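**Student:** First the structure, which I've put down as structure tokens, then a few questions once you've had a look.
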Amino acid sequence: PLVTGVQTCALPIYLQNKILTKQKDINCNHCWRDESSNTESYRIVSNKNFQHLIKNKTFLDKKLRYLELMFSNVCNLACRSCNSNFSSKWSTIDKHLESLNLDILQTPYVGFTNWKDLDLSHLERLKIMGGEPFYLKGAIDLLQHLDSIGKLQEIVLTLATNCTCEVTDIWRYLLTRAKKVELTISIDAYGTLNDYIRDGSSWDKVLQNFEQFLKFYKQNQEKMHLSLNTVVSVYKIGR
């Protein structure tokens with residue numbers, strides 16, 4: 001992408017300079033691979049989102065316009081396709097695997113500057129990751145702050161949910177305040193298979209919450225995009 005989420009990070013600026021001089025850096029191999037197979041890469045999608053900055057070259061003025069935040073790995077599920085990097089429920093599983101001298105999938109912790117120390121005045125797009133975003137108080141705190149300074153209504157908000165949390169009144173308010181909301185509902189299976197793949201989940205509750213999200217979407221579809229995502233795994237093949 002020609003823009004970066006963290007303005008103090010040198011890597012995005014380095015990559016931007018490489019791309020501007022038509023050099024393909026190894027750090028961008030995922031995008032180059034996608035584009036070589038005629039797949040719309042993350043780079044292309046990002047350039048479309050920020051084409052107005054590219055056209056007038058204001059992207060050269062390093063401002064924080066895109067921010068992707070993972071407040072923590074706190075989650076209410078231990079999905080079989082996940083790990084402790086993205087779900088706190090996996091911590092006990094990791095301890096058990098380690099007791100059996102088995103390897104666990106984990107990456108080193110990377111600290112992040114408090115968002116309160118960032119200049120959010122030029123922010124255009126915000127992506128909140130998890131854990132489960134609707135389960136995190138930190139996400140509400142940030143959105144309430146952006147709303148209080150009159151910035152939330154200028155931001156495209158992107159979230160993904162496992163659909164186990166109800167759409168509370170505060171979330172309804174904040175989602176309607178954003179300029180646009182791109183909401184992805186992640187469902188890997190239905191019925192008892194959902195409960196097996198996503199430990200801690202109840203299909204009846206997921207279905208109930210999904211109907212709430214769908215109703216909320218229909219009431220706000222002029223500024224909301226709703227999509228579904230699923231993980232293809234061996235647990236579902238042939239079912």
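**Student:** May I ask you to order 93-102, 159-168 by the average number of other C-beta atoms within 10 Å around their residues, highest value first?
**Tutor:** 159-168, 93-102
**Student:** Another question about this same structure. Return the distance in nm (one decimal) between the two label points of a simple spin-label model at Lys180 and Ser91, each offset 7 Å from Cα along Cα→Cβ.
**Tutor:** Label-label distance for Lys180 and Ser91, simple model: 3.8 nm.
**Student:** Kirkwood Rh, the stretch 193-239, all Cα pairs: how many Å?
**Tutor:** So the Kirkwood estimate lands at 12.6 Å.
**Student:** Report, to the nearest 10°, how far helix 10-20 tilts away from the longest principal axis of the Cα atoms in the chain, using its own Cα long axis and a range of 0 to 90°.
**Tutor:** Long axis of 10-20 versus the principal axis of the chain: about 60 degrees.
**Student:** Tell me, what % of the accessible area of the stretch 117-239 is carbon and sulfur with a 1.4 angstrom probe?
**Tutor:** Result for the stretch 117-239: 51 percent of the exposed heavy-atom area is carbon or sulfur.
**Student:** To the nearest Å, what is the center-to-center distance of the stretch 43-100 and the stretch 170-239, using C-alpha atoms only?
**Tutor:** Each part's Cα centre sits 18 Å from the other's.
**Student:** Convert each backbone phi in the stretch 36-45 into a coupling constant with the Karplus relation 6.51 cos²θ - 1.76 cosθ + 1.60 (shift: θ = phi - 60°), then list the ³J(HN,Hα) values in order as whole Hz, x for Gly and Pro.
**Tutor:** Here the 3J(HN,Hα) series is 5, 9, 6, 9, 5, 7, 4, 4, 5, 4 Hz.
**Student:** Helix 203-219 versus the longest principal axis of the chain: what angle, 0 to 90°, nearest 10, using Cα atoms?
**Tutor:** 40
**Student:** Using the beta-carbon distance between His52 and Tyr196 and R0 = 41 Å, what value does 1/(1 + (r/R0)^6) give for FRET efficiency, to the nearest 0.05?
**Tutor:** 0.35
**Student:** A further question follows. How large is ³J(HN,Hα) for each residue in the stretch 193-198, as worked out from phi by the Karplus curve 6.51 cos²θ - 1.76 cosθ + 1.60 (θ = phi - 60°), to whole Hz, x for Gly and Pro?
**Tutor:** For the stretch 193-198, the Karplus-derived couplings read 5, 4, 5, 6, 5, 10 Hz, x marking Gly and Pro.
**Student:** Within 14 Å, Cβ to Cβ, of Phe71, how many net charges do the neighbouring residues add up to if Lys/Arg are +1 and Asp/Glu are -1?
**Tutor:** 0
**Student:** A further question follows. For Leu20 and Asp119, what is the calculated FRET efficiency with R₀ set at 25 Å and r taken between the beta-carbons, to the nearest 0.05?
**Tutor:** For R0 = 25 Å, the calculated efficiency reads 0.60.
**Student:** Whose amide H sits under 5 Å from the amide H of His225, counting only residues 5 or more places off or on another chain, with H placed in the peptide plane?
**Tutor:** Amide H neighbours of His225, under 5 Å, 5+ apart: Val181, Glu182, Leu183.
**Student:** With a 1.4 Å probe and every protein chain left in place, work out the accessible area per residue of the chain in Å², rounded to a whole number.
**Tutor:** Value for the chain: 59 Å² per residue.
The values are calculated or read from the model by the stated rules, or taken from the named source; none is laboratory data. Predicted, not measured: the structure shown is a model, and the values here were computed from it. So basically every Cβ, Gly included, is an ideal-geometry build from the backbone, and we count neighbours across all protein chains shown. Each accessible area value is taken on the protein alone, full model and side chains, heavy atoms only, with ligands, DNA and RNA left out. Shrake-Rupley method; radii C 1.70, N 1.55, O 1.52, S 1.80 Å.
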